[in-house]
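Some notes on the structure that comes next.
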Amino acid sequence: MAKKQPSAVDVAAQQRAREQSEVEQAFLKGVSTLRDLIAPSSIEIHSSYFRLGTKYGRTLYVYGYPRQIYTGWLSSLINIDEVLDVSMYIYPVDSQVVLNNLRKKVTQLEASTSISNEKGKTRDPAIEAAINDAEELRDQLQLGAERFFRYGLYITLYADSLDELNFVQNKIETLFGQQLIFSKVASSQQEQGLNSSIPQMTDQLQIRRNMNTGAISTSFPFTSADLTDNSGILYGINMHNNGLVIFDRFKLENANMVVFAKSGAGKSFTVKLEALRSMMLGSEIIIIDPENEYQKLADAVGGSYIRLSLNSNTRINPFDLPRVIDSEEADDALRANLVTLHGLFRLMLGGTQMGPNGVPLGALSPSEEADLDQALIDTYARAGITSDPLTHNSPPPTISDLYDTLLHMGGSGPQLAQRLRKYTTGTFAGIFSQQSNIDINNPMVVFNIRDLEDELRPVAMYIVLSHIWNITRTIQKKRMLIVDEAWQLMKYDDSANFLFSLAKRARKYHLGLTTISQDVEDFMSSKMGRAIVANSSMQLLLKQSSSAVDVLSDVFKLTEEEKKRLANFPIGQGLFFAGQSHVHIQIQASPTEQQLITTNPGAAQQQKPPQAPPAA
């Protein structure tokens, strides 16, 4: 039986089907390649710019340099707060070729000078300078002290619109123009400019300048702001260059730090992360916690969590004296504590918060101040404590003893006793009117004051700070003291003065004070608040409210770009100041650290490790 041969039409159809299948396979294979995944959706090349997807770009090249160029001239470009690519091409040139060319060039220049002299023309300083430079370079090349290179520098800018692209170009040309460095747009060569600035090592523009070793070394590109130390803890990632911000605050002029941020910006998270990492290096951590944010961290590291409230059994006696060893410190211990007690009782007996008429609310009169001072001295004396350091080991008096002294003395003593009565037998009795029963001999101690009444909170913070200060002076070791919501202390002159005194004297006792506040206006409106910032070698500014940005900008001398970013930072990003330098930082925590220190329930749930399956 004869077999039917396929017709020409069938053969053509089969061929088309095969070709279509091959095209489809090639297309599907192409879609899955890495090059197609990372490539932009489209590219348009114009004479003075190009467009990658939705982004606009433009390539500039540098063609002119001054006679002398200084180290670090490129740092202003590297650190500019814009998106750009910088490419350098350096080609070594054989020294003998350069020497031959220099010899010819010197001969030409000297001949021009001789002709000008014969014609009686005035000397040309430019030609004389060129001869001197060429002769100097010849000597250096001949001795092997210098080498010769061809150098190309290209900058590709990126922006979201043409107007923004022109603005960025103007900024860069201004930076270069200030240093007599001249640049141009790569007109009709934008494709070659793009290819020359992406990391594929093809110099398609080929616009180069002759430079010797000394000149080319000044263009060292890795000049971005850096705050990395050889020792210390990791604070975060440097957003300028993706480097690590590793720092030891105890190596600075002082170990104090201030943290400003609006609620929810990550200030407590940052401070807890620093505390956790500092413990690993042997620092003790003491925290005043007004919002119960540090209990989880304290429990995780086996710290002491001291809850201060009218219903708790915790007692702190403000009359405690430090057990100092230094003879000069010992002689001054009683007097220093009397000054501290004066500030405390002004706070307890009405405070020094200013009223609407500029008159302090409940302030003590001069006669009351004098009577209080005498009563404090007499109260210590009745307990057997005088200016003699040998008497300082006696049990200290309490507020109840001071109440009895005031009640039985003349003048304004009885009236002061009545005003003090609520702390001895009244509403606030017990917590500060008995002998201390706490021990902070632990790597981490947290004082929780959340359950205290609002009126008692500033008093409690003052007394706790005083107690910590006494312990710090008694046993000197590396410690960090964290005062959260410090604006509550800055509302009162005496407590603000005491906090400033801590900041000023902490360095001598190996103490680093961390002051945290979300109410920037209240904190910075106080003279003592600004003084505390001035006495802090480290500052961290996270996201701020619009009203706080202007205040901080004035204090920290921020640029317009930094002001704009400060109000729009995402959570965990901010400006980190250490000494004279500052960087844009991203706070970074490991999953385990995140689980221990986060105050966001959702984040804690996400970071919770999976549970092991039940045993069979």
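Once the Cα-Cα distance is subtracted from the 0.36 nm per residue extended length, the ALA381 to ARG150 segment shows a gain of 74.6 nm.
What residues from segment 532-546 fall in the zone where the backbone N is under 19 Å from a label point 7 Å along the Cα-to-C-beta line of LYS557? Under 19 Å, as judged by backbone N against the label point of LYS557, lie 532-541 of segment 532-546.
Under a 5 Å amide H cut-off, with hydrogens placed 1.01 Å from N, MET480 pairs with GLU284, ILE285, ILE286, GLY512 among residues at least 5 apart or on other chains.
With the charge dipole of the chain set up from +1 on Lys and Arg Cβ and -1 on Asp and Glu Cβ about the Cα centre, the Cα lying farthest toward the positive end among the listed residues VAL245, ALA578, THR202 is that of THR202.
P(r) tail for segment 43-217: Cα pairs beyond 22 Å make up 54% of the total. If the chain linking THR174 and ILE246 were pulled fully straight, counting 0.36 nm for each residue of separation and taking away their Cα-Cα distance, it would gain 22.5 nm. Inter-label distance, ALA126 to GLU369: 7.5 nm, where each label sits 7 Å from its Cα along the C-beta direction. Computed on segment 43-217, with alpha-carbon pairs under 8 angstrom and 6+ residues apart, the relative contact order is 42 percent. A value for Rg and Dmax of the Cα atoms in Å was derived from the coordinates, and within the list [x] 36.2, 141; [y] 42.0, 168; [z] 24.8, 77 it appears as [x].
For ASN311 and THR592, a Förster radius of 25 Å and the Cβ-Cβ distance give a FRET efficiency of 0.10, rounded to the nearest 0.05.
With the helix formula -39500 (n - 2.57) applied to DSSP H stretches of n ≥ 4, the chain reaches a computed 222 nm mean residue ellipticity of -13000 deg cm²/dmol. Sorting MET409, MET444 from the fewest to the most surrounding beta carbons within 10 angstrom yields MET409, MET444.
Of ILE216, PHE149, ILE80, which is farthest on the positive side of the dipole of segment 43-217, counting Cα position, with +1 on Lys and Arg Cβ, -1 on Asp and Glu Cβ, and the Cα centre as origin? Among ILE216, PHE149, ILE80, the one farthest towards the positive end of the dipole of segment 43-217 is PHE149. The relative contact order of the chain comes to 17 percent, based on Cα pairs under 8 Å that sit 6 or more residues apart. Of GLU173, GLU24, the sequence from fewest to most neighbouring Cβ atoms within 10 angstrom is GLU24, GLU173. Ordered by the number of other Cβ atoms lying within 10 Å of each residue's own Cβ, fewest first, GLU191, GLU128, GLU368 fall into the sequence GLU128, GLU191, GLU368. Counting only lysines at least 8 places from LYS184 when in the same chain, those with an alpha carbon closer than 24 Å to its own are LYS55, LYS171. Taking 32 Å as the limit for the C-alpha separation, the pairs LYS272/LYS491; LYS267/LYS491; LYS296/LYS478; LYS508/LYS564; LYS491/LYS564; LYS267/LYS504 exceed it in the case of LYS508/LYS564.
Residues whose amide H lies under 5 Å from that of THR386, counting only those 5 or more places away or on a different chain, are THR391; hydrogens are built 1.01 Å from N in the peptide plane.
Extension gain for LYS478 to GLN435 (0.36 nm times residue separation, less C-alpha to C-alpha distance): 12.8 nm.
Comparing Cα centroids, segment 523-555 and segment 557-573 end up 14 angstrom apart.
If only the Cβ of Lys and Arg carry +1 and only the Cβ of Asp and Glu carry -1, the dipole of segment 43-217 around its Cα centre is close to 480 debye.
Laboratory data are not the source of any read-out in this text; all were calculated from the coordinates shown. Everything numeric here is computed off the predicted structure, so don't read it as measured data. All Cβ positions, glycine included, derive from the backbone under ideal geometry; neighbour counts span all protein chains shown.
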